[in-house]
Amino acid sequence: MAHIDQRLSAIALPDHLRPRDGRFGSGPSKVRPEAVAALAEAAPIYLGTSHRQPGVRSMIARLRSGLRDLFGLPEGYEVALGNGGASVFWDVAAFSLIERRSQHLVFGEFSSKFAAAAAAPHLDPPQIISSPFGTHPEPRPNPGIDLYALTHNETSTGVSMPVRRPVGTDALVAVDGTSGAGGLPLDPAAFDVYYFAPQKCFASDAGLWIVLLSPRALERSAAVAASGRWMPASLNLQVALESSRADQTYNTPALATLFLLVHQLEWLNAQGGLDWACKRCDESAAIVYGWAEASDLATPFVANPAQRSHTVATIDFGPAVDAGQVAKVLRANGIVDTESYRKLGRNQLRIALFPAIEPADLEVLTRAIDWIAARLGGSAIS
Ligand SMILES: *Cc1c(COP(=O)(O)O)cnc(C)c1O
């Protein structure tokens with residue numbers, strides 16, 4: 001084993017097969033060097049300063065207004081944030097948004113985790129609708145459901161689904177947008193709750209949750225809080241909303257995360273907003289899936305092209321190539337985090353297509369993979 005690892009890490013990529021930036025992970029994901037430089041410049045008057053003072057509060061104000069612009073939020077929608085990442089927002093939803101019973105579309109690791117979080121003692125057992133990994137299920141209208149839980153992009157499998165309201169229901173539609181937000185199309189009329197963390201398309205560090213709330217979601221949160229249900233303050237959406245309205249957070253946020261997030265958000269808006277970001281992800285998806293489809297060695301894992309994610313691509317390899325070995329050689333050459341989701345257990349590479357990642361770098365990556373595969377025994381040349 002050690003012998004093989006040594007042999008793999010001795011394979012050196014030629015210079016023309018080295019992307020300018022070697023970060024292709026699906027989260028944490030590439031943080032743009034420009035954002036890090038801007039943080040270093042702002043640091044003396046920003047890092048290590050009070051989150052109750054204008055320096056940090058103005059950053060939260062820019063976050064909230066920048067997200068309104070990026071997503072074109074209508075009047076009456078609100079942006080709130082808190083600590084703990086998307087996973088903690090599942091608990092916020094279980095305490096503050098689900099009235100009695102939720103329905104969950106489960107098609108990978110992340111969507112199954114929200115379903116598990118919603119199996120809380122104060123709620124009825126959630127209804128779970130699942131489909132095989134590599135596909136997504138459709139919601140099933142059910143009069144007993146007061147919140148439908150969708151996932152815009154299942155990061156573990158590379159399947160995305162359009163955000164649409166299930167027909168014939170006025171229940172809340174809550175969408176995990178963590179790895180789709182800022183890279184996949186979104187109509188604000190189609191959701192009530194859209195939440196995400198900053199370490200995917202928003203090219204920041206992790207640790208925050210951010211949520212976009214429709215007027216109906218705001219009403220639900222207020223009604224649940226008023227019902228007298230016990231809830232911890234850190235999971236009480238009303239508490240988060242009160243802080244957010246004052247451009248603050250309930251407890252201390254990670255200031256660097258916040259800064260990098262706002263930098264990326266304002267960069268996206270300056271480039272042309274969500275339309276621009278989606279086009280860039282489309283371009284990257286065309287490069288990676290196009291390469292896999294033309295290759296004799298690789299094939300997109302998601303069979304239905306309409307369900308293939310344009311922010312996270314999963315590429316299967318045939319028996320001639322060991323994807324794990326390809327990932328090791330890439331890593332030894334400074335090209336990191338192309339390993340597939342650990343629990344999916346496939347002969348696969350997973351490649352992020354987030355807006356911060358240069359399409360040209362993805363193009364070089366595909367050629368580097370072909371080159372490595374040929375060195376390892378397979379041959380991509382048909
Ligand atoms: C990454 C991810 C999460 C988890 O985010 P954390 O910030 O680690 O809690 C949840 N859902 C999806 C779809 C993700 O991609």
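Give the calculated FRET efficiency between Ala37 and Val167 to the nearest 0.05, with a Förster radius of 51 Å applied to their Cβ-Cβ distance. The pair Ala37/Val167 has a calculated efficiency of 0.60. A helix-only calculation puts the chain at -12500 deg cm²/dmol for mean residue ellipticity at 222 nm, using -39500 (n - 2.57) for each DSSP H run of at least four residues, averaged over all residues.
The residues packed around Gly85, meaning those with a beta-carbon under 12 Å from its beta-carbon, carry a net charge of -1 if Lys and Arg are +1 and Asp and Glu are -1. Dividing the convex hull volume of the alpha-carbon atoms in the range 136-291 by its residue count gives 141 Å³ per residue.
Close amide H pairs (under 5 Å, H built 1.01 Å from N) link Val173 with Tyr148, Asp192, Val193, residues at least 5 positions away or on another chain. Rolling a 1.4 Å probe over the protein heavy atoms of the chain, with every protein chain left in place, gives an accessible area that is 54 percent carbon and sulfur.
Springs join every pair of Cα atoms under 10 Å in this Gaussian network model of the chain, and among Glu99, Glu293, Glu358 the largest mean-square fluctuation is at Glu293. Electrostatic tally near Gly144: other residues with Cβ closer than 13 Å to its Cβ, Lys and Arg +1, Asp and Glu -1, net 0.
For Ile128, the residues 5 or more places off, or on other chains, whose built amide H falls under 5 Å of its own are His104.
Seen from a random direction on average, the alpha-carbon convex hull of the range 1-148 projects onto 16.3 square nanometres. If you run the Gaussian network model on the chain, springs between alpha carbon atoms under 10 Å, then out of Val193, Val364, Val106 the most flexible one is Val364.
Between Pro44, Pro137, Pro253, the GNM of the chain built on Cα springs shorter than 10 angstrom shows Pro44 fluctuating the most. Using a probe of 1.4 angstrom and keeping all protein chains present, the accessible surface of the range 1-105 works out to 48 square angstrom per residue. Largest accessible area first, the residues Phe196, Phe301 order themselves as Phe301, Phe196 under a 1.4 Å probe with ligands, DNA and RNA left out.
Projected over all directions and averaged, the alpha-carbon convex hull of the chain occupies 19.6 nm².
Where in the range 153-177 is the amide nitrogen less than 15 Å from a point lying 7 Å along the Cα-to-Cβ axis of Arg140? In the range 153-177, the label zone of Arg140 (backbone N under 15 Å from the point 7 Å along Cα→Cβ) covers 167. In the assembled protein chains, Phe202 presents an accessible area of approximately 0 Å² (probe radius 1.4 Å).
Listed values for the range 341-347 are Karplus-derived 3J(HN,Hα) couplings in whole Hz (6.51 cos²θ - 1.76 cosθ + 1.60, θ = phi - 60°), namely 4, 4, 7, 6, x, 10, 7, and x replaces Gly and Pro. Close Lys pairs in the chain (alpha-carbon distance under 21 Å; sequence gap of 8 or more, or different chains): 8.
Here's the picture: a label point sits 7 Å out from the Cα of Arg100 along the beta-carbon direction, and within the range 160-199 the residues with their amide nitrogen under 16 Å of it are 170-172.
The values are calculated or read from the model by the stated rules, or taken from the named source; none is laboratory data. Just so you know, these numbers come straight off a predicted model, no measurement behind them. Glycine gets a Cβ as well: all are built from the backbone with ideal geometry, and neighbour counts include every protein chain shown. These accessible areas exclude ligands, DNA and RNA; they are computed on the full protein's heavy atoms, side chains included. Shrake-Rupley method; radii C 1.70, N 1.55, O 1.52, S 1.80 Å.
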